[in-house]
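A.B. asks: Before I ask anything, here is the structure I am working with.
Each reported figure results from applying straightforward, stated rules to the coordinates on display, with no laboratory input. This structure is a prediction, so every number in the text was calculated from the model and none was measured. Every residue, glycine among them, receives a Cβ derived from its backbone with ideal geometry; neighbour counts consider all protein chains shown.
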Amino acid sequence: MKKTPYLRLLKHRSFMSFWGATTLMRMASNVLQFAVAIYVLDLTGSALAYSGVLSIILIPRLLCTSAAGYFADFMDSAKILRRGTFVLAALMAAFLAVHMLILPLNLILIDMLVIGLELCETFLSPAEGKLLPCIVMEEEIAPASKLSSLDDGIVEILSPVVGGAAYGFLGLTSVLGIALFMEILAFFMAANIQYRKSPESGERVSVGSLRSAGNAYRETVRCLKENPHVIGIILLAPLFNFFVNPLFSVAAPHYFRVKMDVGVEQYALFNTALGAAGLIAPFLAMVLIDDKAEYRANEGGTMACAVVLLGLAGILRYKKGGISSNGSLYLVTGGMMLMVAIITMMNIASVITVKKSIPEAIMGRMISLIQLCATVSVPLGQLFYGLCADCLPITSLFLIASFGLWAVLAIMVRTYRAIHTEGE
């Protein structure tokens, strides 16, 4: 009996080590971020101070993303992952020692910790993206991407539970200890990763040479001219993030907590429901996404999200008198759960597109560029939606997002058409 690719991957030592290491890193980071948010609010009582901690993560992204992509393309990606997990473990150990033995972490130390974490993650992300195609067979890239995406939902659901329980038990000390333990496990798992094939790259260069760096980026520009569809791939993530991400981070919290005045428990249930939708979506992706036609998932998903937002806006606007407050909350929750499931499947399809359509020799630099654009677009979208939320009803925000997604769909269709043309 022939084994399915998923069963083969579950017995694939290098893939499971890669999956385990990256999942533990994300879990440690999210658990710590959740606890740090509560710690800063307990320490200062200021939402502005908390916002400052969140916004400071842009600094390492803006400064180091280009270098991270360059290193991923011209250094051993597995070695970067191993060194990164070791540095993260050392960082956790150092701050745990300071917090326990010298002085409790203050805002300055918290900022230093957050910047250190984000700096490591900035250098690790492109290496992770380039590593997967080098440890599995080409025909296994799509199923491997679907399997590895399961950790997103798992992390989103477990992080608040683990972080909240640990913080409530022994405060920040226990959270730092748990994060340290996870990073140590991630380091040992990363040590078991072995290449199926050597990573493809350009001519081997000295990564410390400015001249070599200049040549590498000239090669990137040349490759973009030869593969114009890559520009479309780069644009999709930031545009989608600008129009959709703030619905979850700004519009929904404002609607629930300010407009509808719901309690903390109900809002927590809303977030748990979204996490559950994200956990279920990868299983749906294994069935619904065609590995050789993943573009259908992205195009159909974008259209579906736009229609869902139009439907929510229409129902809330024209049936306002006939829907109770609880009914409105359930309607918005249901619609956004559906969007989370769709977006999660689209993320999986996008990963497949990136790993199949971007030349491997420049993949690290392209992934770092995509992540930089996607990261920068989030606060811009949050600022825009935050200004709109203060003076417009949520129905207007849904309409803005829907119209934006139709524009994204037009770019997406052109990009995939170019990919198929060049492929032929």
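A.B. asks: Residue-wise, which Karplus ³J(HN,Hα) couplings in Hz belong to the range 401-408, taking 6.51 cos²θ - 1.76 cosθ + 1.60, θ = phi - 60°, and x for glycine or proline?
C.D. replies: Residue by residue, the range 401-408 yields 5, 5, 5, x, 5, 5, 5, 4 Hz.
A.B. asks: If neighbour count is taken as other Cβ atoms inside 10 Å, put MET336, MET112 in order from fewest to most.
C.D. replies: Going from least to most buried by this count: MET112, MET336.
A.B. asks: Taking K and R as +1 and D and E as -1, what net charge do the other residues with C-beta under 10 Å from the C-beta of PHE187 add up to?
C.D. replies: Numbers: positive: ARG82, ARG83; negative: GLU183.
Net charge around PHE187: +1.
A.B. asks: Using the 10 angstrom Cβ neighbour count as an exposure proxy, how do ILE184, ILE80, ILE115 rank, fewest first? Please report the intermediate quantities before stating the final value.
C.D. replies: On the way: ILE184 18, ILE80 22, ILE115 15.
In increasing order of surrounding Cβ atoms, one gets ILE115, ILE184, ILE80.
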